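Q: Below: one structure in structure tokens.
The values are calculated or read from the model by the stated rules, or taken from the named source; none is laboratory data. This one's a predicted model, so the numbers in the text were calculated from it and none came from an experiment. Cβ atoms come from the backbone with ideal geometry, glycine included; neighbour counts cover every protein chain shown. Keep in mind that these areas ignore ligands, DNA and RNA; they rest on the heavy atoms of the full protein, side chains included. Shrake-Rupley method; radii C 1.70, N 1.55, O 1.52, S 1.80 Å.
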Amino acid sequence: MSDDRVGAVFSALGDPTRRHLLESLTHGRATISGLAAGLPVTRQAVSKHLATLGHAGLVRSERAGREVLFEITPGGMGEPARWMAEVGAEWDERLARLSELFAAEGGHE
């Protein structure tokens, strides 16, 4: 698993505007103008946010005539989701062992 890839996804998702753009793209492909509508940022800012999401592997673009359409990349969250599941499982295991130790000691606080 690539730490760079996981880090890029988490970094990209750390910005509320980028999360909003991803949420908007769950409804289908869209242009920068369409995505910028209703946002308090410029189309240029939306373009930079989309570039960050693209670098993280979460969105891709395709030229359609004079426009560029953006869409969510299938499987873009796969590697980060697997990482979170692995880390979560490790924590669950550690917490279960602590609980067992606590119970073995009679549950003294």
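Q: What is segment 15-66 by shape, rounded, prolate or oblate, if you read a ≥ b ≥ c off the alpha carbon gyration tensor as root eigenvalues and call it rounded for a/c under 1.5, prolate for a/b larger than b/c, and oblate otherwise?
A: In terms of gyration-tensor shape, rounded.
Q: Provide the packing ranking of 92-103, 10-21, i.e. peptides ordered by the mean count of other C-beta atoms within 10 Å per residue, highest first.
A: With the highest mean Cβ count within 10 Å placed first, the list reads 10-21, 92-103.
Q: Below 8 Å, C-alpha to C-alpha, sequence gap of six or more: please give me the relative contact order for the chain in percent. Walk me through the numbers before you get to the answer.
A: Numbers: 86 pairs, mean separation 30.6, N = 109.
Computed over the chain, the figure is 28 percent.
Q: Enumerate the calculated ³J(HN,Hα) couplings along segment 71-82 in order (Karplus 6.51 cos²θ - 1.76 cosθ + 1.60, θ = phi - 60°), each rounded to whole Hz, writing x wherever the residue is Gly or Pro.
A: Coupling constants for segment 71-82: 8, 5, 7, x, x, x, 9, x, 5, x, 5, 5 Hz.
Q: Whole-Hz Karplus ³J(HN,Hα) for segment 20-27, in order, using 6.51 cos²θ - 1.76 cosθ + 1.60 and θ = phi - 60°, x for Gly and Pro?
A: Each residue's phi maps through the Karplus curve to give 4, 4, 4, 4, 4, 6, 5, 8 Hz.
Q: For segment 39-45, in order, what is each residue's ³J(HN,Hα) by Karplus, 6.51 cos²θ - 1.76 cosθ + 1.60 with θ = phi - 60°, in whole Hz (x at glycine and Pro)?
A: For segment 39-45, the Karplus curve yields 9, x, 10, 6, 5, 4, 5 Hz.
Q: Relative to the present Cα-Cα distance, how much length would full extension add between A51 and A64 at 0.36 nm per residue of separation?
A: Details: separation 13, 0.36 × 13 = 4.68 nm, distance 1.78 nm.
Contour length minus Cα-Cα distance gives 2.9 nm.
Q: List the residues whose amide H sits under 5 Å from the amide H of V59, counting only those 5 or more places along or on another chain, with H placed 1.01 Å from N in the peptide plane.
A: G54, T73
Q: Still on this structure, I have one more. Whole number in Å², please: accessible area per residue of segment 2-109, 1.4 Å probe, ligands, DNA and RNA not counted. Before the final figure, lay out each step's value.
A: Details: 7270 Å² over 108 residues.
With the other protein chains kept in place, segment 2-109 gives 67 Å² per residue.
Q: Using a probe of 1.4 angstrom, how much of the accessible area of segment 44-109 is carbon and sulfur, in percent?
A: 55 percent
Q: Let me ask another. Working out 0.36 nm times the residue gap between R43 and E105, then minus their Cα-Cα distance, what length gain in nm do you get to one decimal?
A: Full-extension gain reported as 16.2 nm.
Q: OK, next. Classify segment 44-85 as rounded, prolate or oblate, taking a ≥ b ≥ c as the square roots of the eigenvalues of its Cα gyration tensor: rounded when a/c is under 1.5, otherwise prolate if a/b is larger than b/c and oblate if not.
A: The shape class here is oblate.
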